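Notes follow once the structure below has been shown.
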Amino acid sequence: MTLQEKILNQISEKRKDDLIRSQINNAKSILARNNLELTSYILDVISINEIIPSQYNEDYENESSKYDVGVFLGVIKGIIDINSLRLETFRPIAVNKSTMKIIDGNHRHYALKTSGETKAYVLLCETQNI
């Protein structure tokens, strides 16, 4: 079980569903800006190394992603209380299934990878051109 799933399994089903729905909506919005449409998706766990970042350099590794690393490590070490977390940090990473590129979640990907996680909870998205 991934760190993301462990955290999401500790909250209410409604809150978990709301977080996943917000990730779906973010993915739809980002895809639309790129003339793509979300046609279907599945939630899955995959190797962190299968996922290709869509941002690089300071857009990928920045203060926000480094903050997320601290949060992930704090959770792993048991020194951060779940009630103090910004739960959006643990949403599944939206990934385009055909390219394996991140649609939304580059900072989470960086944080998971840097924290030593080997798997990620993802929203694998099938897309088509609009």
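The values are calculated or read from the model by the stated rules, or taken from the named source; none is laboratory data. Note that the structure is a prediction, hence the values are computed from the model and not measured. Methodologically, a virtual Cβ is constructed for each residue, glycine included, from the backbone with ideal geometry; neighbour enumeration extends over all protein chains shown. The area values use the complete protein model at the heavy-atom level, side chains included, leaving out ligands, DNA and RNA. Shrake-Rupley method; radii C 1.70, N 1.55, O 1.52, S 1.80 Å.
A few remarks follow.
- Among the residues of segment 65-91, those identified as within 23 Å of residue 21 (Cβ to Cβ), loosely packed, with under 15 Cβ neighbours inside 10 Å and either touching a residue at least 40 places away in the same chain (Cβ under 8 Å) or touching a helix residue (DSSP H, G or I) at 6+ places or on another chain (Cβ under 6 Å) (or both) are 82, 88.
- The number of residues in segment 25-39 being touching a residue at least 40 places away in the same chain (Cβ under 8 Å), surrounded by fewer than 13 Cβ atoms within 10 Å (Cβ to Cβ) and in a helix (DSSP H, G or I) comes to 1.
Yes/no per residue for (1) among the charged types (D, E, K, R); (2) touching a strand residue (DSSP E or B) at 6+ places or on another chain (Cβ under 6 Å):
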position: 62; (1), (2): no, no
position: 71; (1), (2): no, no
position: 75; (1), (2): no, no
position: 84; (1), (2): no, no
position: 91; (1), (2): yes, no
position: 97; (1), (2): yes, yes
position: 104; (1), (2): yes, yes
position: 107; (1), (2): no, no
position: 111; (1), (2): no, no
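- Qualifying residues in segment 68-87 (those that are under 15 Å from the mean Cα position of the chain (by Cα) and part of a helix (DSSP H, G or I)) - the one nearest to residue 119 (Cα to Cα): 72
- When every residue of segment 40-53 is checked against the conditions, at least one turns out to be open to solvent by 30 Å² or more (accessible area, probe 1.4 Å) and out of contact with any strand residue (DSSP E or B) (no Cβ under 8 Å at 6 or more places or on another chain).
- Tally of residues being more than 15 Å from residue 32 (Cα to Cα) and either part of a strand (DSSP E or B) or open to solvent by 10 Å² or more (accessible area, probe 1.4 Å) (or both) across segment 107-130: 15
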